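Here the structure is laid out as structure tokens; the discussion comes afterwards.
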Amino acid sequence: MTKACLMFPGQGSQSVGMGKDLYTQYPEAAKIFDSIDDELKSIIFDGPDDVLRKTKWTQPAIFTVSAAAFEVFKSNVDISKYEFVGAGHSLGEYSALYAAGFFNFQDGLEIVKARGTLLQYGAEAVKGAMAAILGLEKAKIATVCQEASVDGICEPVNFNCPGQIVIAGTIDAVNKAIELAKTAGALKCVMLNVSGAFHSSLMTSVAEEMATVLEKYSFQKPNFGIYTNCDAALTADILEIKNKLVKQINNPVKWDTSIEHIISSGVDTFIEIGPGRVLSGLLRKIDRNKKVFNIDNVDSLNKTLAALLELNG
């Protein structure tokens, strides 16, 4: 039995028109898209881009497309040939949990809509920034953030892969960190086009509100374990997952460590399900020897299905 990891992307992977060809060609995808409200569906398929990029729309949009792509994948693959684990980057953790049966689509969509709205309002209430720092090791990034914190708050928040770490905090402190990182030898520093300092301590009030949201829902034990962002640990307990979804809001995404743990568990096949190929790219930077496929449209679906058939017969 092949041991495979299903990966689900987070904010930043969106594009206008994503999932539309899956919608037109597969009834499993159409069922998902036809169950959402017309406004969200129109924004996903037709934009405009500046609206789709607003957090309160981006998050339910990516969740919807990822869920639709997963349903198409599930209907075209002999699931019995696989032992799955799941992982999602930030927002993608919710898509992974949907795939694992932790909640149904409608509950998941409501929760993700609430999350996106809370994060957008949180970002507007406390102005912050995020920046990607390339080419510096974790210890140097930690030092840079500590030194920059004399001008506010600055923290490492996304550990994506070796040499790619995202920092977040108050605007002055992040700008200071960029200067310090360049001096320390960073290859590149890029201010991200986002509305707030996500996964930083500036989002603590949002985390508290997210805990209240999650209390309104009932959840099911997942069909497979999820490697959670906040601690890179394989988690299948319902209460633990709920607590970690709250903790994820104002704590770093430990993606590189999650992938290292997944590889150590014996997984050698990774399938990114949802818009874009960001996670596939990160995986190749962590371990080029692992097989990685993606499903975000009909063409990539067909290529992935053919490759998996060849692998597993």
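The values are calculated or read from the model by the stated rules, or taken from the named source; none is laboratory data. Note that the structure is a prediction, hence the values are computed from the model and not measured. Neighbour counts run over all protein chains shown; Cβ positions are idealised from the backbone, glycine included.
Observations on the structure shown:
- Those helices (runs of 4 or more DSSP H) lying entirely in the stretch 218-309 with at least 3 residues at pLDDT 95 or above and touching a His at 6+ places or on another chain (Cβ under 9 Å): 278-286
- Filter result for E93 (of a type outside the set (S, T, Y) and either free of Cβ contacts under 8 Å to residues at least 60 places away in the same chain or not assigned by TED's automatic domain parsing to the domain that holds V278 (or both)): no
Let's see how each residue does on (1) crowded, with 24+ Cβ neighbours inside 10 Å; (2) assigned to a helix (DSSP H, G or I):
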| residue | (1), (2) |
| --- | --- |
| S66 | yes, yes |
| A69 | yes, yes |
| K74 | no, yes |
| E83 | no, no |
| Y94 | yes, yes |
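- In the stretch 126-151, residue nearest to I167 (Cα to Cα) [restricted to those that are surrounded by fewer than 18 Cβ atoms within 10 Å (Cβ to Cβ) and small (G, A, S)]: A132
- Selected residue (criterion: surrounded by the fewest Cβ atoms within 10 Å (Cβ to Cβ)) from residues of the stretch 226-269 that are within 18 Å of L283 (Cα to Cα), of a type in the set (A, V, I, L, M) and in contact with a Ser or Thr (Cβ under 6 Å, 6 or more places away or on another chain): A232
- Every pair of residues 6+ apart whose Cβ atoms lie under 7 Å, when the first sits in the stretch 252-264 and is under 7 Å from N229 (Cβ atoms) while the second is crowded, with 20+ Cβ neighbours inside 10 Å and among the β-branched types (V, I, T): V253/V157
- Qualifying residue in the stretch 19-37 (condition: assigned by TED's automatic domain parsing to the domain that holds I271, crowded, with 23+ Cβ neighbours inside 10 Å and under 25 Å from E124 (Cα atoms)): no
- Just one of the listed residues (A132, A114, A142) is farther than 17 Å from I249 by Cα, assigned to a helix (DSSP H, G or I) and of a type outside the set (F, W, Y), and it is A142.
- Among the residues of the stretch 42-54, some residue qualifies, meaning at least one is surrounded by 13 or more Cβ atoms within 10 Å (Cβ to Cβ), among the β-branched types (V, I, T) and under 20 Å from L22 (Cβ atoms).
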